[in-house]
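Following: one structure in structure tokens, then a few remarks.
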Amino acid sequence: MSEKKRRLFGTNGIRGKLNVDMTADLALHIGLALGTYFEGGPIALGTDARMGGPMLKQAVASGLTATGCAVIDVGLAPTPAVEFLVKHYACRGGVVITASHNPPEFNGIKVIDGDGVEFPPEKEIEVEEIFFKQSFKLAPWQRVDTVSQRTDWLDDYLRNLKSHLKVDLIKQKKFKVLVDPANSVGSLVTPRLLQELGCKVRTVNGHIDGNFPGRAPEPTSETLRETAEVCKSTKTDLGVAHDGDADRSIFIDEKGEVILGDQSLAIIAKGFLQRNPGAAVVTPISSSSIVGEVVGNCGGKLVLTPVGSIHISRKMMQIKAKLGGEENGGVFYGPHQPVRDGAMSAALILEIMAETGKSLSQLVAELPKYYMHKDKIHYPTHLKEKLLHRLPEISQGTRVETLDGVKIWHEDGGWALIRPSGTEPIYRIFTEGKSPSAAQALAEKYKRRLMGIIQEEESR
Ligand code: MG
């Protein structure tokens, strides 16, 4: 499989610790490889708020212009905005300097294809080949290109976002919203969008600071504890928390409860299916049954993919689906663009709150209840392929899906998903059940069975 051959690109671009693995030198060579691959620009180039953003951006731009690609520098911007601008400015591709939700010391390079969607693994391999062979095609001196600044894109982007929303309906409600962009680029878009939707907007961690002084860039119930307190104490209708590049949103209800990404996806899917009867909703195999059950109950069609945002985007484009989503708070709204967009998902939640007249906690209360348990098991590296091959035999369920690892459904609605990590010699065991103890019991059961196979293989 193509995934195994990649040496630079991971699940979401190239990532590393700044000035350790992620250096200006590496960024220059990536720029040269990308420019050689794209064979001409323009290439849209943006950064999130991380330290080293300007340094890496200039290095990538040097490589791109040296190979004859014009660069459109869009400045500080969320990943979804750069994805939008690749199409809006008719670019051959785009690059975002970001490490998304990773800790502050990380930075990275994410590549966008000419259709505004993440670069697919097979193209990443082509770029890696150019990179490792250093087969860069420097442009003749007359064709070395230039960098132009375009930082006036916000109005165009907001106009596009709003064209898919019932703006007047949302405006009437005058929602009180708290935005927590984690001191990064979400602060440039989401507060403005929500103000234009008639909301009374306040921010926490709203100023740009690459040290991430407010909280870690990954929005979780732990990192959002203080933000949730502020939501509760200020009687806020909705809290919106982004990750470092603002392609994801985790929501907080009016009681200060942090809502799971699966729950907010199910709420968005329900509203969407009422407007689009029988439509498809694309989600990875790891998503909660909350999503599957809601989609089924609303007469929609659940389409499963392997884990990873690229799989959702590509599947949506392939089957012309308009909605996709992940448990991490990534929502893909096709009519806007088939990629995750944190600002768009915040607006979709507000639209549903306006349409139904219900608070977020009421919308959550209507959802089916499932509880997830996450566990892992280490294995000897040499057994990786063997274990993958033998996984289906540990199933004791009613239905098995081998789209990505093994997912086993049980009659009581519970399931277990067992997949190898892409980066470490561990198997991740995700289970879900109707109660926390049922989910935990299922995880322990499959952990024991997996352990049994490991011991069996070791003693051969
Ligand atoms: Mg992200």
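The values are calculated or read from the model by the stated rules, or taken from the named source; none is laboratory data. Treat the numbers as computed from the prediction; the structure is a model and nothing was measured. Backbone-built Cβ (ideal geometry, glycine too); neighbour counts: all protein chains shown.
Checked against (1) loosely packed, with under 15 Cβ neighbours inside 10 Å; (2) within 24 Å of the chain's Cα centre (by Cα); (3) closer than 18 Å to residue 378 by Cα; (4) free of Cβ contacts under 8 Å to residues at least 40 places away in the same chain, residue 402 passes all but condition (3). In the stretch 6-109, counting only helices (runs of 4 or more DSSP H) that sit wholly within it, the ones holding 1 or more residues that are under 18 Å from the mean Cα position of the chain (by Cα) span 79-88.
Residue pairs whose Cβ atoms lie under 7 Å apart, sitting 6 or more positions apart in sequence or on different chains, and linking a residue in the stretch 73-86 that is modelled with pLDDT of 95 or more to a partner that is hydroxyl-bearing (Ser, Thr, Tyr) and part of a loop (DSSP other than H, G, I, E, B), are 74/151; 75/151; 79/98.
Any idea which of 82, 96 is hydrophobic (A, V, I, L, M, F, W, C), closer than 18 Å to residue 183 by Cβ and within 13 Å of the ligand (Cβ to nearest atom)? Please lay out each step first, then the result.
Working: 82 fails: closer than 18 Å to residue 183 by Cβ.
Answer to the check: 96.
Where in the stretch 228-317 are there strands (runs of 3 or more DSSP E), lying fully within it, with 2 or more residues that are without any contact (Cβ under 8 Å) to a residue 60 or more places away in the chain, in contact with a strand residue (DSSP E or B) (Cβ under 7 Å, 6 or more places away or on another chain) and away from the ligand (no atom under 16 Å from the Cβ)?
Values: elements: 238-242, 249-252, 280-284, 301-305.
Hits in the stretch 228-317: 280-284, 301-305.
Could you check, for the stretch 203-226, whether at least one of its residues is of a type in the set (Phe, Trp, Tyr) and either farther than 17 Å from residue 78 by Cβ or surrounded by fewer than 17 Cβ atoms within 10 Å (Cβ to Cβ) (or both)? Reasoning before the result, please.
Step one: of the stretch 203-226, the residues of a type in the set (Phe, Trp, Tyr) are 212.
Restricting the remaining residues to those that are either farther than 17 Å from residue 78 by Cβ or surrounded by fewer than 17 Cβ atoms within 10 Å (Cβ to Cβ) (or both) gives none.
No; the residues of the stretch 203-226 include none that is of a type in the set (Phe, Trp, Tyr) and either farther than 17 Å from residue 78 by Cβ or surrounded by fewer than 17 Cβ atoms within 10 Å (Cβ to Cβ) (or both).
Out of 174, 166, 123, I need the residue that is exposed (fewer than 14 other Cβ atoms within 10 Å of the Cβ) and basic (Lys, Arg). Which one? Please lay out each step first, then the result.
Details: 166 fails: exposed (fewer than 14 other Cβ atoms within 10 Å of the Cβ); 123 fails: exposed (fewer than 14 other Cβ atoms within 10 Å of the Cβ).
Result of the check over 174, 166, 123: 174.
Look at the stretch 1-23: where a residue is on the phi < 0 side of the Ramachandran plot and at pLDDT below 75 and a partner is part of a helix (DSSP H, G or I) and among the aliphatic types (A, V, I, L, M), sitting 6+ places away or on another chain with Cβ atoms under 8 Å, you get 2/125; 5/125; 6/125.
Can you tell which of 113, 48, 25, 21 is acidic (Asp, Glu) and crowded, with 23+ Cβ neighbours inside 10 Å? Let's see the steps before the verdict.
Values: 113 fails: crowded, with 23+ Cβ neighbours inside 10 Å; 25 fails: crowded, with 23+ Cβ neighbours inside 10 Å; 21 fails: crowded, with 23+ Cβ neighbours inside 10 Å.
From the options 113, 48, 25, 21, the qualifying one is 48.
Does residue 288 count as hydroxyl-bearing (Ser, Thr, Tyr) and within 16 Å of residue 401 (Cα to Cα)?
So residue 288 fits the description; yes.
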